[in-house]
Amino acid sequence: FNFLINQGGKWVVPNGMNTGITLYNSLTRSQVPLYIPLNNTCHWYMCGPTVYNISHIGHACTYLRWDILRRILTDYFKINVVSALGITDIDDKIISVAEKLNCSALSIARKYENLFFKDMTSFNILEPFSILRVSEHIDDIIRFIEKLILSGKAYQLEGSVYFDTEVHGGRYGKLFPEALLSEYPPGKKNLKKNERDFALWKSGNARELKIEGALWDSPWGKGRPGWHVECSAMASSLFGKHLDIHSGGRDLLYPHHENELAQSEAFHAVDQWANYWLHFGLVNLHNEKMSKSSNCFVSVQEFLKSYFPDHLRMLCLLFKYNSVINYSDDALKEAIVLVERLQAFLCRAQNVSHRLGIAYIYSLTNHLVLIFVASINLACGTVRFSPRDLKFKETLMQTKSLVHDYLKSDFDTPKAVRQVFKLINAANNYLQEGPNSTDFRISIAAAPVRPAVNSLVISECFRYVISFFSMLGLRTLRSAFFSEQSELEKQFLSFRSVVRSISLAALKKRDLENGGYKDLLKECDRLRDEVFSKLGIFVEVFASLFYCYKTLQSFI
């Protein structure tokens with residue numbers, strides 16, 4: 001990794017464990033290996049919203065992509081992700097809204113913060129480990145600024161405090177060197193030492209003094225924190241002087257993240273504060289960045305009037321997390337079609353599963369658990385693999401391998417998702433090409449009739465597709481399966497209890513051969529005809545004499 005270590009002295013491979021994952025680091029502008037501490041824990045700070053207005057789908061896509069990456073690291077690669085989201089609840093825009101409405105700045109911030117999290121919940125975005133609000137970290141921010149002043153990296157000017165980019169030792173521009181090429185706007189009065197110096201603390205004015213919550217006490221007088229120092233101080237208060245991943249929208253690369261990096265490394269006296277900088281692609285509307293300030297946006301609530309949350313999640317999955325999404329109704333069409341294809345496949349999986357005697361139940365912890373009620377092949381004591389079965393099994397194994405490679409290569413969800421849909425196509429062909437017979441009835445005297453598909457192979461495929469999209473956060477899985485989940489669980493447990501009682505009684509009387517079969521079959525028929533049919537589940541043959549005999553001990 002010499003070419004990485006020595007790249008202008010900008011990035012050093014972190015100490016720790018190589019995860020085998022590579023990701024695009026904005027600091028090196030290349031894919032680099034992801035190293036995390038040996039305790040398998042990844043500390044991740046995400047720049048959150050400035051809460052002064054409603055959220056639009058540009059925000060939703062940013063946090064959907066963050067959610068997807070966190071889920072992949074946590075649920076697929078089994079890495080403990082400790083994530084924090086910064087909330088900017090002190091800002092000029094919030095103060096302006098409060099002034100117009102004649103109310104406190106924090107009341108505006110709380111209103112729109114609550115709406116933000118409500119919208120994010122609509123998209124099934126997981127809450128972070130910690131939510132860091134600027135208003136709750138004023139003391140941390142003041143201590144952060146004081147230390148920079150004492151170290152000579154910041155200076156006071158007319159009640160405000162600025163970071164001195166020149167004193168930083170020529171390290172400014174580390175993340176975005178293009179900043180050093182920019183010229184200061186001509187004719188603008190500049191009282192700062194250097195044109196690129198930025199505010200750590202802003203002094204208040206007479207107008208802001210009248211607005212509750214707009215200004216805060218500090219050693220330099222009443223004022224409020226600068227935007228850039230807020231994230232640095234909050235992240236440092238939780239994670240200390242080293243951070244594994246820092247992320248945000250692409251539009252935060254400069255000046256926000258450049259300034260964060262400079263002041264944080266100056267504060268902690270380290271050469272590398274954050275090991276990896278990730279930036280999520282923007283969402284454009286009519287070839288213009290989606291933005292509230294320019295009134296070019298589609299609100300979350302407006303979107304949800306016409307589409308389902310999974311439509312937007314699927315759209316995000318079809319693009320690399322750091323690429324631009326050009327939003328339009330046409331752009332959504334492919335995502336909608338894929339969601340519908342997934343739903344149709346899962347419904348078909350449900351029907352086939354019932355024919356094979358398999359029931360899928362969605363657990364309360366949002367993980368899908370496969371419960372085998374019966375497997376004809378296993379009940380018969382033999383499993384036969386035809387050439388067609390083996391070919392499909394090979395397709396499944398290849399899919400798993402390719403998806404793994406795609407996900408560990410900079411979280412390439414577009415390729416991974418399309419590969420799984422190729423598997424779905426193959427599964428549909430496998431089911432379609434099988435024998436037409438769906439009669440699984442068997443007799444003790446005769447050899448069992450081979451089912452239309454190999455239950456082991458197809459159930460493994462169903463399980464993989466379900467676990468893959470569940471891992472990525474799609475809620476389509478829940479609606480595609482049993483809508484009456486609690487009732488199904490209750491009835492199945494009741495069924496098990498009855499069958500177990502009948503079996504114990506029959507065994508106690510040594511009367512299984514004479515009387516046990518009839519009672520067992522009667523209860524199976526009742527479950528099929530009276531219970532499952534009311535839940536919209538139709539079973540061609542739920543159980544057989546041979547099945548009851550072979551699976552008796554598993555119920556006990």
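A few notes on this one:
- Residue under evaluation residue 89, criteria (1) closer than 18 Å to residue 204 by Cβ; (2) touching a residue at least 60 places away in the same chain (Cβ under 8 Å), criterion not met: (2)
- Residue 310 charged (D, E, K, R) and at pLDDT below 90: no
- Out of 134, 167, 161, one residue alone is over 30 Å from residue 310 (Cα atoms), open to solvent by 50 Å² or more (accessible area, probe 1.4 Å) and among the β-branched types (Val, Ile, Thr). It is 167.
- Any hit, the range 113-129, residues being touching a strand residue (DSSP E or B) at 6+ places or on another chain (Cβ under 8 Å), modelled with pLDDT of 95 or more, under 28 Å from residue 28 (Cα atoms) and open to solvent by less than 50 Å² (accessible area, probe 1.4 Å): yes
- Within the range 311-321, not a single residue is in contact with a Phe, Trp or Tyr (Cβ under 7 Å, 6 or more places away or on another chain), on the phi < 0 side of the Ramachandran plot and open to solvent by 20 Å² or more (accessible area, probe 1.4 Å).
- The lone exception for residue 363 - which of (1) open to solvent by 60 Å² or more (accessible area, probe 1.4 Å); (2) in contact with a strand residue (DSSP E or B) (Cβ under 6 Å, 6 or more places away or on another chain); (3) at pLDDT below 60 it fails: (1)
- Taking the range 192-310 as the region of interest, the strands (runs of 3 or more DSSP E) fully inside it that hold 2 or more residues being crowded, with 20+ Cβ neighbours inside 10 Å are 198-203, 223-225, 243-249, 274-280.
- Within the range 406-426, residues that are more than 14 Å from residue 469 (Cα to Cα) have Cβ atoms under 8 Å from residues that are assigned to a helix (DSSP H, G or I) and small (Gly, Ala, Ser) in these pairs: 406/416, counting only partners at least 6 apart in sequence or on another chain.
- Checklist (1) within 22 Å of the chain's Cα centre (by Cα); (2) closer than 30 Å to residue 39 by Cβ; (3) open to solvent by 40 Å² or more (accessible area, probe 1.4 Å) applied to residue 79, failing item: (3)
- Test: residue in the range 177-186 that is out of contact with any His (no Cβ under 7 Å at 6 or more places or on another chain), surrounded by 12 or more Cβ atoms within 10 Å (Cβ to Cβ), assigned to a loop (DSSP other than H, G, I, E, B) and at pLDDT below 95: yes
- Of the residues making up the range 23-79, those that are more than 25 Å from residue 105 (Cα to Cα), β-branched (Val, Ile, Thr) and in contact (Cβ under 8 Å) with a residue 40 or more places away in the chain are 32, 36, 41, 62, 68, 72, 79.
- The residues listed here are 32, 82; of these, the one that is under 24 Å from residue 468 (Cα atoms) and touching a Ser or Thr at 6+ places or on another chain (Cβ under 7 Å) is 82.
The values are calculated or read from the model by the stated rules, or taken from the named source; none is laboratory data. It should be emphasised that the depicted structure is a prediction, and the values quoted were computed from it without experimental measurement. Because the Cβ atoms are built from the backbone with ideal geometry, glycine has one as well, and the counts that use them run over all protein chains shown. The accessibility values were calculated without ligands, DNA or RNA, using every heavy atom of the protein model including side chains. Shrake-Rupley method; radii C 1.70, N 1.55, O 1.52, S 1.80 Å.
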